[in-house]
Each structure stands twice: as structure tokens, then as C-alpha cells.
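What follows is calculated from the coordinates using simple rules that are stated; it is not laboratory data. Treat the numbers as computed from the prediction; the structure is a model and nothing was measured. Ideal geometry is used to build each Cβ from the backbone, glycine not excepted, and the neighbour counts take in all protein chains shown.
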Amino acid sequence: MLNPNQFGVPVPEGTNIIRSGGLGHMEGDTSRSITKMIPISLMKRYREYDRQGAEAQPNSTERINDIANELRNGGVIREPLVLEHNTEHQWGYLGEGHHRLLAAEQAGHTHVPVTVWSTGYGGGIATRKKKGIGAPLTLTKSWSKFPGDTYQPKELHPNHFRELQG
């Protein structure tokens, strides 16, 4: 059974709710979900690419329009957008879902489903941060059991980050 308090707004039926195999879900949530509906306005600050501007791929506009039309006609975003996060830099960026984000906005949606993945290896975060790609993403929980322990789950519920709560 899903905990409706973790989503903020109802998750559309048909959305693939990603579940944690480890500790990344919210404490007490027996569904182990790590998906949350996040406002589009908030997610836009984590974009890495402008899929409608100079960084657009050759078919970006067509893809965005196709997805938006599907959403307007009762379709849903089946796969949550993925925010990539690095604890060392307390930074995140939208790793997957640029087209879906813009299409949802174009279709008049206010929220999109999001999951956070931890990139412990760095994932180019320092370079992205230096270039201003993405935005701060600060963990509010520690899974450490011992001083110096840096364990954190690879997949995390968005409510574990100050900027994504609410």
C-alpha cells in the first residue's frame, strides 16, 4: 500500500513507482517507494540541457510535442524523471527526463514524478557545478552508523533532500 503523504499530489495511474531495494525510501513506508511528484517549476532549475534551445537535438521539438499531446489525451509519464545527486558536492542535476519535463509543462501539468539516484563516483558533478548546471541538492538524513562512514543508498526518495521537501 502506498503512503499518499510521500507524493504531495496524486500520482497518475500508470506511472511506474520506483521502489527501493535498500534504505532509500521514507522511514515507515512499507511500499518502499522512492518516487515523488515534484513541481515542474522546481525541477526546471535542475535541467542540464535546454531541449528547446541551442542544445536541442534534431527531433527534440517533435518529441516534446508528441509527449505533450499524449499527456493532454490522458497519457501519463510512465517513467519518473531521474535527478542525479552527489553527496560530496551537495549538488544535483536532471540526468533523465528533459523532454518529459518540458512536455508536461506544455500539456499544462504542474508536477512530474521524480526519483533521485546517488552518483557516488562523481558523475562529472564538480564540472557541472562549476558551470552552473543543476542546483544545490542537500541531504537531510545520514545513514552512517560509525564516524567516517559514508554509506548512502544508491536510490533515494526526494523527501530526503531539503530542496525537494514540501
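Listed highest first by mean packing, meaning other Cβ atoms within 10 Å per residue, what order do 88-99, 37-48, 128-139 come in?
On the way: 88-99: 20.3, 37-48: 17.9, 128-139: 15.7.
For the peptides 88-99, 37-48, 128-139, the packing ranking is 88-99, 37-48, 128-139.
Expressed as a fraction of 2.2 N^0.38 Å, the rule-of-thumb size for a compact globular protein of N residues, what is the C-alpha radius of gyration of the range 81-134? Could you put the intermediate results ahead of the total?
Working: Rg = 12.4 Å, N = 54, 2.2 N^0.38 = 10.0 Å.
Normalised Rg, Cα atoms only: 1.23.
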